[in-house]
Amino acid sequence: TKKNLILAFESSCDETSVAVIEDGEKILSNVVATQINSHKRFGGVVPEVASRHHIEQITICIDEALEKAQVKTSDLTAVAVTYGPGLVGALLVGVAAAKAFAYANELPIVPVNHMAGHIYAARFVKPIVFPSMALLVSGGHTELVYMPYENEFQIIGETRDDAAGEAYDKIGRVLGMTYPAGKPIDELAHQGKDTFHFPRAMVHEDNFDFSFSGLKSAFINTVHHADQINETLNRADLAASFQQSVVDVIVKKTLLACEKFQIKQLILAGGVAANQGLRETLSEQLSVKEPDLDFVKAPLKYCGDNAAMIGAAGYVAMKHNVFADASLNAEPSLEF
Ligand code: KG4
Ligand code: ZN
């Protein structure tokens, strides 16, 4: 039988990426052009700068992805593209490129939700079995997503203020780190101890929601107060204390969700899923409290934004007859 070959596009934030995915599970190529160096000096992603970089990179990425995969355009089955959520100008570049490519090569267009893409990064480890639950932690989102069946997503809890990654990036600034600060804080945390005992918001509440802005404020206040009295705080302990608070809350809420929902599998995905503290603690706790649950961590390489995951999610959407026409538009606030 003929192989299903999807050309996937991702441009929702600061990564321009194009991938070729075979049968929804095999990565033939995954080209990622990151713009992080252009945003660093501003302390975060500048939307205008992001759009311009996407425009410059997108056709280069398409050519490279096809070449690396050794695939001709005539072999392709469909085009999949992230149409939200994300920065509108950034998304528009990917959407316009995908539509133009699809039109020129007479291919169908599969619209993909960026967050569904993050979940499907787990598909590169093993098949997703239902009912499943995903813990989605990224720079813009922190949510628990229940998936009773394939291609059905229900948010059962989410952050009421900052996303986990956003909190990392904000306290990173206070520590004098450049954007994005998640990875360096994670590394620093492993050299310290939880000596500060920052608050763990909503941890005792019987719901699946999160809040990280109080923790962020407590952290910033602690550092500023020390500055005022000329006291030097141990940076590794600060990082370890912050991380322990984030991990404790996320793990507690996730275990509660696993207990309340009859699921076969738990998926950890999104940029913050690369966090070693979170990966380790969740694995340990699950092996004790939910030993029969299949725990799937998105591969480290595919936790951050990439088009491979969009291709994997697009394959599933395509099976469920989710197609778009030339009127497809970017939806910056797209929800499941
Ligand atoms: O999913 P992603 O690449 O982009 C969004 O869709 O938001 O996530 C980026 C976020 C950033 O906030 C970054 O600081 C965070 O993921 N991040 C981490 C780690 N690696 C990346 N946060 C904590 N620990 C890490 N190791
Ligand atoms: Zn993302």
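The values are calculated or read from the model by the stated rules, or taken from the named source; none is laboratory data. Everything quoted here is computed from the prediction, not taken from an experiment. Neighbour counts run over all protein chains shown; Cβ positions are idealised from the backbone, glycine included.
Does TYR149 satisfy the condition of being among the hydroxyl-bearing types (Ser, Thr, Tyr), under 23 Å from GLU259 (Cα atoms) and modelled with pLDDT of 95 or more?
Details: among the hydroxyl-bearing types (Ser, Thr, Tyr): yes; under 23 Å from GLU259 (Cα atoms): yes; modelled with pLDDT of 95 or more: yes.
So TYR149 passes the test.
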In segment 1-30, which residues are part of a loop (DSSP other than H, G, I, E, B) and either of a type in the set (D, E, K, R) or more than 16 Å from ligand 1 (Cβ to nearest atom) (or both)? THR1, LYS2, LYS3, ASN4, ASP14, ASP23, GLY24, GLU25
Residue, nearest to PRO127 (Cα to Cα), within segment 308-336, restricted to residues that are of a type in the set (Ser, Thr, Tyr) and assigned to a loop (DSSP other than H, G, I, E, B): SER333
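This table checks each residue for (1) within 14 Å of ligand 1 (Cβ to nearest atom); (2) surrounded by fewer than 24 Cβ atoms within 10 Å (Cβ to Cβ); (3) closer than 23 Å to SER51 by Cα; (4) without any contact (Cβ under 8 Å) to a residue 40 or more places away in the chain.
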{"site": "ALA69", "(1), (2), (3), (4)": "no, yes, no, no"}
{"site": "GLY89", "(1), (2), (3), (4)": "no, yes, yes, no"}
{"site": "PHE153", "(1), (2), (3), (4)": "no, yes, no, no"}
{"site": "GLY176", "(1), (2), (3), (4)": "no, yes, no, yes"}
Sole miss for ARG52 among (1) part of a helix (DSSP H, G or I); (2) away from ligand 2 (no atom under 15 Å from the Cβ); (3) in contact with a Phe, Trp or Tyr (Cβ under 8 Å, 6 or more places away or on another chain) is condition (3)
Going by the conditions given, is LYS40 closer than 24 Å to MET318 by Cβ, of a type outside the set (Gly, Ala, Ser) and over 18 Å from the mean Cα position of the chain (by Cα)? no
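Determine whether segment 181-202 contains at least one residue that is away from ligand 1 (no atom under 11 Å from the Cβ) and modelled with pLDDT under 95. Break it down into steps so the answer makes sense when it comes.
We begin by selecting, within segment 181-202, every residue away from ligand 1 (no atom under 11 Å from the Cβ); these are 191-202.
Next, from what is left, pick out any that are modelled with pLDDT under 95: 201-202.
Yes, some residue in segment 181-202 is away from ligand 1 (no atom under 11 Å from the Cβ) and modelled with pLDDT under 95.
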Of the listed residues (ASP305, ASP292), the one being assigned to a loop (DSSP other than H, G, I, E, B), touching a residue at least 60 places away in the same chain (Cβ under 8 Å) and closer than 23 Å to TYR120 by Cα is ASP305
